[in-house]
Every structure is written in structure tokens, then in C-alpha cells.
Amino acid sequence: MSNLVMRMVAGLLLVSGTAWAGTSSSLMDVSNDGKLLACSNRDSGTVTIIDVDTNIKLHEVVVGKHPEGVSFIGESHHLAVAAYCDDVVVFVDADAGKEVARTAVFDEPYGIVSTKSGDRLYVTLDYPGQVVEIDPRTHAITRMWAAGRFTKGLAISPDEKTVMVAEYFTGIARSFDRTTGEKRHEWIGTEQDNLARQVTFHPTRDRAYIPHQRSRNTVAHGAGSIFPYVAILNTPAEGPAERTRRPMDSFTGALVVANPWEMAISPDGQTAIILFAGTDDLFVSDVNPETELRHRQTLRVGANPRAVRFAADGESYFVYNALDFNVMRISLGQSKLLAEISVCESPLDTVTLLGKKLFYSANQPMVGRRWISCSSCHPDGESDGRVWQQPEGLRDTQPMFGLAWTHPLHWSADRDEVQDFEHTIRGPLMQGRGLAPGSIHESLAQPNQGLSEALDALAVYTNSHAFPLSPHAKDGLSEAAQRGHVLFLSEQTGCARCHRGPLLTDSQAGKLVRHDVGTGNADPTEKMEPAYDTPTLFGVYRSAPYLHHGRAKTLEEVLTTENPKDQHGVTSHLTRDQVADLVEYLKSLPYEDPIPAARKLGLKPVVGNVPRVP
């Protein structure tokens, strides 16, 4: 079949309604009539409306903290935005540039899509891993169902019979009957599949695609630990749920790209655009039944590209550069930049913005071989949910929330400042030139702060992540959590001997305290003494696995099977109900902002951009 005939057939299918361009959740969306583009701006907490015909910004609407997915509702110019950290779905009149309603959800709404008619919206809750169905006319939740663990990616099949989700930490995809909510198919990849944020359907073929990362956690080397992939799913109504992977770093034989974030397929189904947020690249790829994805062209775009959408006619596409705070419009045929549209002013000061760009960069001077960035393991301050085989032993990736208040760093507390990671930047893992000019102190005990504005800026951004409040205590501590709180504070368990004070840790900047909690000998590869830094317990409800080696998969295991000799608190005598109460308390942390109490005691955060006085 000729390309012309294929395009004509695809066009007829689009007109007939069997394909729908906006089935996949994204940080951008184009209205069904092709007239408006909406873009959610995570750092500024706004959504921007752009006139597609003129490439002019029309409105910028405040929606809440860290908006993620955005979707126009059916054929209207009303849209819904998932405000991730405010736990709400915000409804906006895009023509008027005004909020019209909001719907509260349990926690962390991420992906959002609308049906063709606009009668239903579907939203993924990253935590606790649910799909929520909303009636946009009443803004009421009509149904919800469990969809997996940490679900971000979301799409509706072109026939609208199924909803598909992707688990963030595993890349596992599941499709659910849209009428009943029952699971229909499951696509499981490998244990190394990681950080899958998006699912997108092919408009005319039984295929879906998931851009994701491969985290090879047995290798602590920049040339063998992190790889970019796209998973290709066979999605027939009946038959096997087949899954294959396409490595993106071998697309062109030698060019390495990092941190695949989103992809989009043209309305005619023949072209895919894949974004790589670490190296600031995109791939233009042919999509066909024989090769699925065939590389056509590589383009360099702006800083940290996170979203891509085709215009309705398929002749151009939009790229959202999250750290340039703009949208590029690029022609598909000639790859010509047609417009560059500012979506918002930078809400970050110049130091924090520089630090964030470095944190997300897999290019020099941060990285030598382009495979890995800081954000490959700590995206948006989160953990990657992985346990890495490091030279010193197994190490669970910890989230960065509240890091400024919980120095020193690492399970071993070997680093007293973020600037010490200049050793990592120059070392085997990242192989970069480094941020400080000339040599640096070989000893981690010597300060590196003040050696480089860029290195200090990296520290400022790294230390900027605040503690999110637990969704399990929105209405205060439950009765079970209150009982667990009493147990936690009791001399009987001794939990608060180490997890004490307003930050629930006895570890502070300039004060090295480590404890042997009986876990060091569980890992035969451990090369350091079996004593570890006391981590804060804030956010443990969503940061499994636990302990330095990640052997505890649940909080129950921390208190029971992974604490057989009562070295990590005295818990062996607790009844099953008492363990459950203690877990409920841990899940509720933090139930209030701990910073005012910390300041009242004279504790201070580590900032990172103040030069040391000789």
C-alpha cells in the first residue's frame, strides 16, 4: 500500500470516529477542533492556554501545586488538570481562562484522559495505585478501582472499550474493561523496567507504547546501569498480551539518549516522536508493521523536554521544554521550528533553576557518556524504587524530600554536603568533567562547598524538596494510628530513641550518628561496618522497599521478619494488632508540617549556596 493510500485510509478512520488523537494522558493536550493547546506547568502550578492558529498564549490559570496530566473534555474547550500535590482535579474553561470547579481525590492524581463524548474522565492516582472515574458534568467521582502499585501512565483505547495504565516503578501495563473496571490483560516486562510515566495507543493498529527506563541495578557504572527503552504492546481484543522492548540507545548505532519521558504518534499513525528529558533530544521515527519503530531523525530541543503533542492536522507537533518554560512548534516534514511560545515565567530563582537543569542533565559537564543523570534515580525528588548494587554493598534509593533538614547523606552518612557528589559526577558512575574547576578535595571530610557556583547551585536544588503530608492523616490520626503513636513513643519499643525529635531522626548536619540495627550482615556484599544513618520516617507510606538493603518489602516486614533480634526497636513481643497499629502510625507520617517545630528547637536546614569563609 502506498504512503498516499495509507494516509487516506487513516484520514477516513479518523473522520469515522474509530481513532481519537487524545487517548493518552500527557502534560499537554490539543482540543478536538484543533484550535487550542493546553500545557501544565509543574514548577509554576499553572496551566497555559495557547491559540494554535496564531501560536499566541491566551491565558495562564493557577490550578495548584505540581500539575501533571491535562485533558480537554470531549469536543469542548473545557479541560481537566491533575494537580498532583494538592490531590485535586481542576476544571478550567479554556476560552475564559477561569477555573470552574475542582474534585478532591485521595492522593497524587497524575494521568488524565477524557472519552470522545466528554461524558467521563479517567484519572490515575500514583499513590495508592487507582483509577478514578469522574462525571465532568457534575464533577463527581462515579467509580474507582485498584489498578496496581504507583500508576501514572493512562490511556483509553481507540474503541473506548478499555482503559490502560502503566505502573511507574515496574512498567507493568494493565488494561481494564471501561464498563466493569475488571482487568482484561496484563503486560509484564522485565525486573529492570522502571520509570514508566505514559502509555499511548496507536490510532489504527492493535498496539500501545510505553517509553520507560531500564535500570540495571546490578551495575554501578554509567555505561551499563541506565538505558532508554520503548515497550511495544500487542493489544488485540482477544489473544495473547505480547510485549517487546526496543532499546533507544541503539536506534542510530552509537547515539546515546537518556530519560525517555513521553511520546506521541501522529494522527495517521505513521510517525512517532519520542522525547528524552536527560539529553534534551527527540527522535522522529517511522511507525510501521514490519519494524514498529524506525529512526528517521534526531533533533535537539530545549531543556528537559517532558511533553509532546501533534497538531490536529498532523503537519506539526508541539514540544514542552519544562526548564525553558516554553513550547516549541516544529513542522513534521521539514523539522523546522515554526514558533517558540513562552508558557510562564520561571518561578525558580536563577540559582535553583541552574541546579535543577544540572540535576536533570545527562550531558557534560555532569555526565560523560549520556546514559544517566541524577534524575534517573531521583526524578522530582522521588526514589526510583530500586535497590542498587553499589561498590560498598546493596543500597536502597531514598527519596529526597526534606533532605536539607536530614544531613548527612547516604545510608552510611559518608557525605556531609551535596557538594560531595562532585566525586560521583567525576567518578565511574557519571564520568563527567565535573562542576568545580581544577582538582577537588580527595577526602569527603574536606568541604567542597564554595568551590563552584554550579556545584553550589546543584546543592540548592537538591536540598529544595519539602516534606509532603501523608494522605493517610488528612483528617488527623485515626484511632489505630493514635494507638500506634503511643507504641512508637513507648520505652517498650524504643522506636523514638533514634527516630526522635520533630524530624524523627537523631542524625543532623555536623553530627554523625550511626546505629547497628542488625541488618549489616544480611548482605554478603556489604563492605562497610554494619552501622547506618537514621533516616527520617516521613513519607515511608510510599517509599518501599525499606532498610539499606531493601529486604523489607513492607512496613510490617520492617517490624517483624527483618527485625528478628529486636535490634531495630523491640517489636518481637507485639501482637498482630499492635503491629498493624504501629504501621498505621508510620503510614500517617508526616501528619503535620515538621519544620516549625524544628525551627523552634533551633535546627537549621542546609542551603548549599553560601560560600564558606576561609
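For region 124-134, check the following and say yes or no: at least one residue is under 29 Å from I56 (Cβ atoms) and modelled with pLDDT of 95 or more. Within region 124-134 (the criterion being under 29 Å from I56 (Cβ atoms) and modelled with pLDDT of 95 or more), the answer is no, since none of the residues qualifies.
Within this structure, I330 passes the test of being buried (at least 19 other Cβ atoms within 10 Å of the Cβ) and free of Cβ contacts under 8 Å to residues at least 40 places away in the same chain.
Does T560 satisfy the criteria of being buried (at least 16 other Cβ atoms within 10 Å of the Cβ) and closer than 30 Å to L125 by Cα? Yes.
Looking at region 485-512, which of the residues that are in contact (Cβ under 8 Å) with a residue 60 or more places away in the chain and β-branched (V, I, T) is farthest from A413 (Cα to Cα)? Explain how you work it out, then say what you get.
Step one: of region 485-512, the residues in contact (Cβ under 8 Å) with a residue 60 or more places away in the chain are 485, 487-488, 492-495, 501-505, 507-510, 512.
Checking which are β-branched (V, I, T) leaves us with 493, 505.
Working: T493: 25, T505: 13 Å.
By that ranking, first place goes to T493.
Of all residues in region 86-114, those satisfying the criterion of being crowded, with 18+ Cβ neighbours inside 10 Å and outside any strand (DSSP E or B) are D86, D87, A94, V105, D107, E108. Within region 33-74, restricting attention to residues that are in a loop (DSSP other than H, G, I, E, B) and of a type in the set (A, V, I, L, M, F, W, C), which residue is nearest to the chain's Cα centre (by Cα)? Once the filter is applied, the top-ranked residue is V63. In this entry, S117 passes the filter for residues that are of a type in the set (S, T, N, Q), in a loop (DSSP other than H, G, I, E, B) and touching a residue at least 12 places away in the same chain (Cβ under 8 Å).
Quick one: in region 551-560, which of the residues that are part of a loop (DSSP other than H, G, I, E, B) and touching a helix residue (DSSP H, G or I) at 6+ places or on another chain (Cβ under 9 Å) is farthest from Q389 (Cα to Cα)? Out of the qualifying residues, it is T560. Scanning region 212-271 for residues that are under 19 Å from L195 (Cα atoms) and among the acidic types (D, E) yields D249, E262. Restricted to region 217-329, the set of strands (runs of 3 or more DSSP E) holding at least 1 residues that are in contact with a strand residue (DSSP E or B) (Cβ under 9 Å, 6 or more places away or on another chain) and of a type in the set (A, V, I, L, M, F, W, C) comprises 226-234, 260-265, 271-276, 281-288, 292-300, 305-310, 316-321. Within region 148-169, being more than 21 Å from N259 (Cβ to Cβ), in a strand (DSSP E or B) and not hydrophobic (A, V, I, L, M, F, W, C) holds for one residue alone: T162.
The rows are residues; the columns are (1) modelled with pLDDT of 95 or more; (2) assigned to a loop (DSSP other than H, G, I, E, B); (3) more than 25 Å from T151 (Cβ to Cβ).
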{"residue": "E562", "(1), (2), (3)": "yes, yes, yes"}
{"residue": "S572", "(1), (2), (3)": "yes, yes, yes"}
{"residue": "Y585", "(1), (2), (3)": "yes, no, yes"}
{"residue": "L589", "(1), (2), (3)": "yes, yes, no"}
{"residue": "L603", "(1), (2), (3)": "no, yes, yes"}
{"residue": "V607", "(1), (2), (3)": "no, yes, yes"}
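Taken together, T204, T179, T200 contain a single residue that is surrounded by fewer than 17 Cβ atoms within 10 Å (Cβ to Cβ) and under 30 Å from A312 (Cβ atoms), which is T179.
Of everything in region 457-472 that's in contact with a helix residue (DSSP H, G or I) (Cβ under 7 Å, 6 or more places away or on another chain) and in a helix (DSSP H, G or I), which residue is farthest from P128 (Cα to Cα)?
Restricting attention to region 457-472, the residues satisfying the condition of being in contact with a helix residue (DSSP H, G or I) (Cβ under 7 Å, 6 or more places away or on another chain) are 457-465, 470, 472.
Among the residues that remain, those that are also in a helix (DSSP H, G or I) are: 457-462, 472.
Details: A457: 33, L458: 31, A459: 31, V460: 30, Y461: 27, T462: 26, H472: 10 Å.
The selected residue is A457.
Looking across region 170-188, the residues that are assigned to a loop (DSSP other than H, G, I, E, B) and within 15 Å of V199 (Cβ to Cβ) come down to T170, G171, I172, R178, I188. Scanning region 359-400 for residues that are of a type in the set (S, T, N, Q) and within 17 Å of P260 (Cβ to Cβ) returns S361, N363, S373, S375, S376.
When residues in region 415-450 are screened for being in contact with a Pro (Cβ under 8 Å, 6 or more places away or on another chain), free of Cβ contacts under 8 Å to residues at least 60 places away in the same chain and part of a loop (DSSP other than H, G, I, E, B), 1 of them pass.
The values are calculated or read from the model by the stated rules, or taken from the named source; none is laboratory data. Just so it is clear, the structure is predicted and the values come from calculations on it, not from any experiment. A quick note on method: Cβ atoms are made from the backbone with ideal geometry, for glycine too, and the neighbour counts reach across all protein chains shown.
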